[in-house]
Structure formats: C-alpha cells, structure tokens
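Chemist: Following this message is one structure expressed as structure tokens.
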Amino acid sequence: MHSTHSPLITLAVAAMFLAGCATGPNADPRDPFEPFNRGVSQFNRGIDKAALRPAAITYERGLPRLVRTGVTNFFANLGDTWSAINNLLQLKIPEAAQDATRFAFNTVFGLGGTLDIATEAGLERHKEDFGSTLAHWGVPPGPYVVLPLIGPSTLRDALALPVDWIGNPVKYVRPMGDRNALSATRAVDTRATLLPLDALLDGAIDRYTLTRDAYLQHRKALISGGDDAQPDELPFTGQADPVQVREEGE
C-alpha cells in the first residue's frame, strides 16, 4: 500500500506546478494551486463515497464502541514510537522520553496498546511527525495541496510523507497480507471517527473551502501549540504555519 504513494506525490507536485498558471488573481495566497486541488478533492470525494465511507458506516454499526476504541488506541500507541523519534529529532528530550514510556507502558500493561492506561496514569501524548520536525527547524510550509487518496497537506508535509511511512511500524509487518489488512483497518477506523463531521461538510456552501481552512487551522495548532519557538510563517501571507488533519488514515 505505502509503496505506491511516493510516485503519486511526485506526480501530484508536478501537476500542481503545471496547474499554477490557472490560478486567478483573487485566489487565496495560501492555495495557489486551487484549481488542481479542487479536482483532486473531487476525485478523493468520489473514492470516499464509493468505498471508504460505506466501510466506515458498516464498521461503526457492526462493532461495539469498546472494540472500536481498542482499535483506535492500538494504532495511536504504534504512533507514539514515531512521535518519540520526532521529539528526539527536535531535541524535545522530556517529550520523547514520555512518548517512549507511553508506548512501553501501554504495550505491556494495556493489552498490546488497546487500552490507553498511560493517559489515565498522567502520561501525556506528544504527537509529532516528520513534517512538524521540519517545521521545528525552520522549513516553511509552502502552499496548501491536496494529494490523491491522502487528502489535505502542505507542500512541506507532503514531501515529508515518505519519511513518515518509513517510521510507520505497520510498514514492517509481514506477510504483506497482514500489513495491508492493518493499513485498511486503520483507514476505516480513522474514517469512522470522522463520520460525525459529514453533516457539517455536506451542509457547507463550499465544502472545499471549509475543509481547507479547518485543516490549516488545525495544522497550525498542532505545530505551534505548546512550542516556545515562534511558529514558522507562510511565505505568501505572514500567517502562522498550518497543520494537517488528514481526512483519512495515513
């Protein structure tokens, strides 16, 4: 599953530069590739309506909340390992130690991570990825982009995704069938958690604009929140750097 994403990103980035000339004078300066991004959003929306959303609805209706919470906790626990590494890369030693401790604690005492007893014990999660690590060291976010099958991002975070996939423990699961099953489960579980937002998005005058603005605001909060350093700024507007909330799994 993951091996197909890097070529998609390369093609998407190339297409965005080709589409840049189609940007009108009144375009949002954070989103110079809006015509291209809208097209990709429509494509992703079609895939979601045809496959991912129905699977998420079936998943939510077919499994008890306790089981679904366990699945969510399991994947979040795996993510703590990558967060610990990125906190270390950012020289946030206490946060890195806490995330590593969370992983060990939940894995050993939380039934493989299905129970989040670390949070109950007061161990806070510090979610980081390689995009936020690049931001910490001053790499600007670049323009807003929408990636095929992945969703909202910034150019910086899109280019960081291959490194994030290398740091994803699921990538190393063998055989391939088990790895793909875990990846699909994670995508469906993540989509199920977003089902309550569907009514809001479906009722929006412009779904694309609402999704973009919410994404950028949340990404900004994730990167700059709790960080004493000044958030990096978008080169076009001087606004604080946005942070990503993916519409789906990875």
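The values are calculated or read from the model by the stated rules, or taken from the named source; none is laboratory data. Here the structure is a predicted model, which means the values were calculated and not measured. Virtual Cβ from ideal backbone geometry, glycine too; neighbours counted across all protein chains shown.
Chemist: How many residues are surrounded by 18 or more Cβ atoms within 10 Å (Cβ to Cβ), touching a residue at least 60 places away in the same chain (Cβ under 8 Å) and in contact with a Leu (Cβ under 9 Å, 6 or more places away or on another chain) when one looks only at the stretch 56-74?
Modeler: Looking only at that region, the number is 2.
Chemist: Pairs please, first residue from the stretch 29-55 and basic (Lys, Arg), second anywhere and surrounded by 14 or more Cβ atoms within 10 Å (Cβ to Cβ) and assigned to a helix (DSSP H, G or I), Cβ atoms under 7 Å, 6+ apart in sequence or on different chains.
Modeler: ARG30/LEU216; ARG38/TYR208; ARG53/ARG191
Chemist: Checking the structure you have, find out if any residue of the stretch 165-182 is within 20 Å of SER41 (Cβ to Cβ), within 16 Å of the chain's Cα centre (by Cα) and at pLDDT 95 or above. Steps first, answer last, please.
Modeler: Going through the stretch 165-182, the residues within 20 Å of SER41 (Cβ to Cβ) turn out to be none.
Scanning the stretch 165-182, I find no residue that is within 20 Å of SER41 (Cβ to Cβ), within 16 Å of the chain's Cα centre (by Cα) and at pLDDT 95 or above, so the answer is no.
Chemist: Here are THR133, THR101: which of them is crowded, with 16+ Cβ neighbours inside 10 Å, among the polar types (S, T, N, Q) and closer than 27 Å to ALA160 by Cβ?
Modeler: On the way: THR101 fails: crowded, with 16+ Cβ neighbours inside 10 Å.
Selected residue: THR133, the only one of THR133, THR101 that is crowded, with 16+ Cβ neighbours inside 10 Å, among the polar types (S, T, N, Q) and closer than 27 Å to ALA160 by Cβ.
Chemist: Within the stretch 149-160, take every residue that is over 17 Å from ALA84 (Cα atoms) and of a type in the set (A, V, I, L, M) and give me the one that is nearest to the chain's Cα centre (by Cα). Steps first, please.
Modeler: Initially, the stretch 149-160 is screened for residues over 17 Å from ALA84 (Cα atoms), giving 149-159.
Narrowing the set further to residues that are of a type in the set (A, V, I, L, M) leaves 149-150, 155, 158-159.
Numbers: LEU149: 12, ILE150: 8, LEU155: 13, ALA158: 10, LEU159: 13 Å.
That would be ILE150.
Chemist: Just for helices (runs of 4 or more DSSP H) wholly inside the stretch 1-78: which have at least 1 residues that are at pLDDT 95 or above and within 30 Å of VAL173 (Cβ to Cβ)?
Modeler: 34-47, 53-62
Chemist: Further question on the same structure: Please determine, by comparing only the residues of the stretch 112-130 that are touching a residue at least 24 places away in the same chain (Cβ under 8 Å) and on the phi > 0 side of the Ramachandran plot, which one is surrounded by the fewest Cβ atoms within 10 Å (Cβ to Cβ).
Modeler: Residue satisfying both the conditions and the ranking: GLY112.
Chemist: Residues in the stretch 196-217: is at least one buried (at least 20 other Cβ atoms within 10 Å of the Cβ), in a helix (DSSP H, G or I), of a type in the set (A, V, I, L, M, F, W, C) and within 17 Å of the chain's Cα centre (by Cα)? Give the derivation first.
Modeler: Going residue by residue through the stretch 196-217, those that are buried (at least 20 other Cβ atoms within 10 Å of the Cβ) are 211-212, 215-216.
Then keep just the ones that are in a helix (DSSP H, G or I); that gives 211-212, 215-216.
Still in the running and of a type in the set (A, V, I, L, M, F, W, C): 216.
Pick out the ones that are also within 17 Å of the chain's Cα centre (by Cα) and you get 216.
Taking every residue of the stretch 196-217 in turn, at least one turns out to be buried (at least 20 other Cβ atoms within 10 Å of the Cβ), in a helix (DSSP H, G or I), of a type in the set (A, V, I, L, M, F, W, C) and within 17 Å of the chain's Cα centre (by Cα).
Chemist: Right, another one. Might you let me know whether the stretch 87-95 holds any residue that is surrounded by fewer than 19 Cβ atoms within 10 Å (Cβ to Cβ) and either within 30 Å of ASP28 (Cα to Cα) or touching a residue at least 40 places away in the same chain (Cβ under 8 Å) (or both)?
Modeler: Yes; the residues of the stretch 87-95 include at least one that is surrounded by fewer than 19 Cβ atoms within 10 Å (Cβ to Cβ) and either within 30 Å of ASP28 (Cα to Cα) or touching a residue at least 40 places away in the same chain (Cβ under 8 Å) (or both).
Chemist: Take the residues of the stretch 42-55 that are surrounded by 15 or more Cβ atoms within 10 Å (Cβ to Cβ) and charged (D, E, K, R): which is farthest from VAL188 (Cα to Cα)?
Modeler: ARG45
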